[in-house]
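Only one structure is covered here, and it is reproduced in the block below.
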Amino acid sequence: MANEAVIIELLGGSVPNAQGIQEVVAGNPVRFTVADGAGIEKGTLMQLSSDPRTITASSGDNQIFVGVLAEEKVISDGVTNVSVWTKGIFDMTNANVGAITLGNYAKLNGANLIDTADEAGAQGATEHVGMVLESAAKQEVVAVWINRP
Amino acid sequence: MTAEAVIIELHGNQGDPVRFTPAAAAEKGTLMYLSADPRTIAASTADGQFFVGVLAHEVVTGDTSATVYTHGIFDMTDSGAGITLGNYAKLNGANLIATADEAGAQGVAQEVGMVLETTGAGEVVAVWINKP
């Protein structure tokens, strides 16, 4: 795969450690199920693909974005769950469809590619990747601020 | 400027602060919007702007970095028509909000947050934000 997202900043909340002191949990990682036979690069834009709570690499429009893969998934390594970052600012690649204007929401539209979100209604909103922080021409890399879900 | 937002509660990691480049001086508590490339924010002035957060400190002329709170509950001021509790608000003037009424994805991008109490015209009201 190509065009994996690159971390600019990991944002997020905090949790108490064993001593009761709040520690920052960078990127608010969330765990999902992944197929053992899948091989996926760190930084891949992941989509909710099937029951139960299972994700795969993004590949097209109309997919439900859940986050940026936080670790490499090696093919048939026996691992069946992985973490995705859900809160932060990442460099992502605009698809070869149209420009994106700063402030607009992006959606998935290809393998690790984004595009301007254009669906109406609440279920269109579930496809949102995040807010684009600078205007981007076709195929340009752009900073995107995510906070899923 | 007047009608700056006031903190009621900061959520997440101390309000989940995020840094941007400021376009100009602004008061602490100003409602900020994404105004220009690259990653530049300015004080809200009108409808149709993309809210990013509440300015966490005063910005003076010459500052090149500013932090906004993106997660919490803040007192904000209605712009004049009133808002019903549970509705989403949008920007509609300098530090002013109104009921979000745009359709579609980019209307959602303009949202400030959920209004937690019904407000009359020009009243101050608690708004729950969690950007983006």
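Brief remarks follow.
- Applying a DSSP loop filter and a limit of 15 other Cβ atoms within 10 Å to the trypsin sites (Lys or Arg not before Pro) in the stretch A:59-149 leaves A:Lys138.
- Shielding of peptide B:34-45 by partners, expressed as the average count of other chain Cβ atoms within 10 Å per residue Cβ, is 3.
- From the alpha carbon centroid of the stretch A:88-149 to that of the stretch B:81-116 is 21 Å.
- Test item: Cα-centred dipole of chain A, Lys/Arg +1 and Asp/Glu -1 on Cβ, debye: 260 debye
- Options B:Ala89, B:Ala100, A:Met92, ranked by Cα towards positive dipole end of the protein assembly as shown, top entry (Cβ charges): A:Met92
- Using the alpha-carbon positions of the stretch B:72-130, Rg (one decimal) and Dmax (whole number) come out as 10.1, 28 Å.
- Proximal lysine pairs, the protein assembly as shown, alpha carbons under 15 Å, eight or more residues apart or interchain: 4
- For chain B, alpha-carbon Rg over 2.2 N^0.38 Å: 0.95
- All Cα pairs of the protein assembly as shown, percent lying beyond 35 Å: 18 percent
- Per-residue mean of foreign Cβ neighbours for B:105-112 is 6 (Cβ atoms of other chains, 10 Å radius).
- The calculated FRET efficiency for A:Arg53 paired with A:Val6, based on their beta-carbon distance and R0 = 30 Å, is about 0.70.
- Projected onto their three principal axes, the Cα atoms of chain A cover extents of 48, 37, 28 Å, largest first.
No value in this document is a laboratory result; all are computed from the given coordinates. Everything numeric here is computed off the predicted structure, so don't read it as measured data. A quick note on method: Cβ atoms are made from the backbone with ideal geometry, for glycine too, and the neighbour counts reach across all protein chains shown.
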